[in-house]
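We did not get these values from a lab; they are worked out from the coordinates using the rules stated. No experiment lies behind these values; they were computed from the predicted model shown. Here Cβ is always computed from backbone atoms with ideal geometry, including for glycine, and neighbour counts include all displayed protein chains.
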Amino acid sequence: MLKNTNLEEWDRANFFHPSTHLAEFARGNLPQRVVTGGKGVHIEDSAGNRLLDAFAGLYCVNVGYGRPEIAEAIAEQAKELAYYHAYVGHGTEASITLAKMVLDRAPKGMSKVYFGLSGSDANETNVKLIWYYNNILGRPEKKKIISRWRGYHGSGLMTGSLTGLAAFQQKFDLPLDRVIHTEAPYYYRRPDLNMSEADFVAHCVSELEALIAREGADTIAAFIGEPALGTGGLVPPPEGYWPAIQAVLDKHDILLVADEVVTGFGRLGSMFGSDHYGMRPDLITIAKGLTSAYAPLSGSIVGDRMWKVLEEGTDRFGPIGHGWTYSAHPIGAAAGVANLKLVDSLKLVDNARDTGAYLKAALKDALGDHPMVGDIRGEGLLCAVEFVEDRDSRTFFAPAKGVGAAINTALLARGVISRAMPQGDILGFAPPLCLSEAEADEIVGKLKGAVSEVLG
Ligand code: PLP
């Protein structure tokens, strides 16, 4: 299919790649890859490599690559009606159907879904809705949003502020006002090794209570969190974390946003992470798994108590002043409908649960005794291996050593794509939800070789 032999040169000369060392790339010191195809859990590139993608792109190609059902739905929609907007009551069969399919699968108490294009813009929508809500309720001071260190919520202005990772803020004049951060529910990195999980949950709660007391509950509108931390380290919460946090939020009348961009539609082995961990969100952010990234589409699912106030707001102030040209884009919506049908017919949520448990057990068997493997954790098909200099004292490697990145590279050389998470020596795995046990074995076998090569 590839006819252009200038691609590599044109790439370095013209293409501004996200999350890339721009100068090194332009100088030719960073590798490039022209991806040409994909089938199941594999991608192919122009150099003839076939790689097992154990991170599903950016944990988004949940149904796997090359599904004709979605490609055909997109083509049909494009031929019939490539675009119409969704303003003032307009919709298409695809967008109206998808809204119903999303609500049918969502946790209890959710009312409507607004469609955007990316996880970042969906969280920007959420922030606007939260501010609007408190203005309608006559609480103009109640506007701050609490996020967690190591949370990832996007890389826009507000969403980059909500993200609790330095790399996404430094030199961008972020975070903006109105965003405050609290403790990450990261038991492996607890401040005191003697803390039990229950002690650590109590610590997270008391940190949150102290922050609320310091800022004043009447200034805090919402708390945002991923059910299980994603880009910040792939960390399932300690037992009892969400019910304990939810109780604090309820006490102070603070809304909860569940950012399910990664966890929505099956990744944890359940349809939504909110149900998995007992969260009662007012807003749920969805993206990636909504279309398995076959087309860009995201959503903000709005809960009943907010929806009532939004309706009241429009009764008082007229139509809501929010919308994008491409909201509920028909091609994205058609991809979403076909994708969610496949998630059901292939029983991918069950497979994420079962093959995820198999993968985690295999990782523990293969690497659990290694003196530099500190933690192996995961839920469903979201797992991580964290490397440390010394397991007993839990001494972390100096970041400059780049241990996680080196293991990632050694694994890639063996034909498996993982992700070196941006903060810490953490190797992440979030393969397509159709992963088989044989493919899980291949990932683990090759990882074992990569770890021995780098760490001995
Ligand atoms: N929220 C979470 C939990 C994410 O993991 C991401 C992206 O990885 C986003 C939001 C932002 O989504 P996008 O990159 O589509 O803007």
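Could you check, for the range 309-323, whether at least one of its residues is out of contact with any Gly (no Cβ under 7 Å at 6 or more places or on another chain), away from the ligand (no atom under 16 Å from the Cβ), closer than 19 Å to ASN134 by Cβ and of a type in the set (Ser, Thr, Tyr)? Checked against the condition, which is being out of contact with any Gly (no Cβ under 7 Å at 6 or more places or on another chain), away from the ligand (no atom under 16 Å from the Cβ), closer than 19 Å to ASN134 by Cβ and of a type in the set (Ser, Thr, Tyr), the range 309-323 yields at least one hit.
Can you name the residue in the range 291-304 that is under 17 Å from PHE55 (Cα atoms) and touching a Leu at 6+ places or on another chain (Cβ under 9 Å) and is also farthest from the ligand (Cβ to nearest atom) among such residues? Looking at the filtered set, the residue picked out is SER292. Within the range 185-192, identify whether any single residue is within 16 Å of the ligand (Cβ to nearest atom), surrounded by fewer than 19 Cβ atoms within 10 Å (Cβ to Cβ), in contact (Cβ under 8 Å) with a residue 12 or more places away in the chain and closer than 24 Å to GLY374 by Cβ, and answer yes or no. No, the range 185-192 contains no residue that is within 16 Å of the ligand (Cβ to nearest atom), surrounded by fewer than 19 Cβ atoms within 10 Å (Cβ to Cβ), in contact (Cβ under 8 Å) with a residue 12 or more places away in the chain and closer than 24 Å to GLY374 by Cβ. Across the range 157-174, the qualifying residues are those that are closer than 14 Å to GLU124 by Cα and either more than 19 Å from the chain's Cα centre (by Cα) or outside any loop (DSSP other than H, G, I, E, B) (or both), and the one among them that is nearest to the ligand (Cβ to nearest atom) is THR159. From the residues in the range 247-278 that are surrounded by 23 or more Cβ atoms within 10 Å (Cβ to Cβ) and of a type in the set (Asp, Glu), which one is nearest to the ligand (Cβ to nearest atom)? Taking the candidates together, the pick is ASP259.
Among residues of the range 209-237 that are under 20 Å from GLY278 (Cβ atoms), those with a Cβ under 6 angstrom from a residue that is basic (Lys, Arg) and within 16 Å of the ligand (Cβ to nearest atom), sequence gap 6+ or separate chain, pair up as GLY225/ARG148; LEU229/ARG150. Checked against the criterion of being small (Gly, Ala, Ser), buried (at least 17 other Cβ atoms within 10 Å of the Cβ) and either within 16 Å of the ligand (Cβ to nearest atom) or closer than 30 Å to ILE70 by Cβ (or both), the range 279-290 contains one or more residues that satisfy it.
Could you tell me whether the range 327-341 includes any residue that is among the hydroxyl-bearing types (Ser, Thr, Tyr), more than 17 Å from the chain's Cα centre (by Cα) and more than 16 Å from the ligand (Cβ to nearest atom)?
No, the range 327-341 contains no residue that is among the hydroxyl-bearing types (Ser, Thr, Tyr), more than 17 Å from the chain's Cα centre (by Cα) and more than 16 Å from the ligand (Cβ to nearest atom).
Here the range 1-53 is the region considered, the condition is being within 21 Å of SER418 (Cβ to Cβ) and among the aliphatic types (A, V, I, L, M), and the residue that is farthest from the chain's Cα centre (by Cα) is ALA47. Taking strands (runs of 3 or more DSSP E) as the structural unit, those lying wholly within the range 39-156 and holding at least 1 residues that are under 30 Å from GLY424 (Cβ atoms), among the acidic types (Asp, Glu) and without any contact (Cβ under 8 Å) to a residue 24 or more places away in the chain correspond to 42-45. Take the conditions (1) more than 16 Å from the ligand (Cβ to nearest atom); (2) farther than 27 Å from LEU157 by Cα; (3) touching a Pro at 6+ places or on another chain (Cβ under 9 Å); ASN62 misses just one of them, which is (1). Does ALA122 fit the bill of being within 16 Å of the ligand (Cβ to nearest atom), more than 23 Å from ASN339 (Cβ to Cβ) and either in contact with a strand residue (DSSP E or B) (Cβ under 9 Å, 6 or more places away or on another chain) or charged (D, E, K, R) (or both)? Criteria not met by ALA122.
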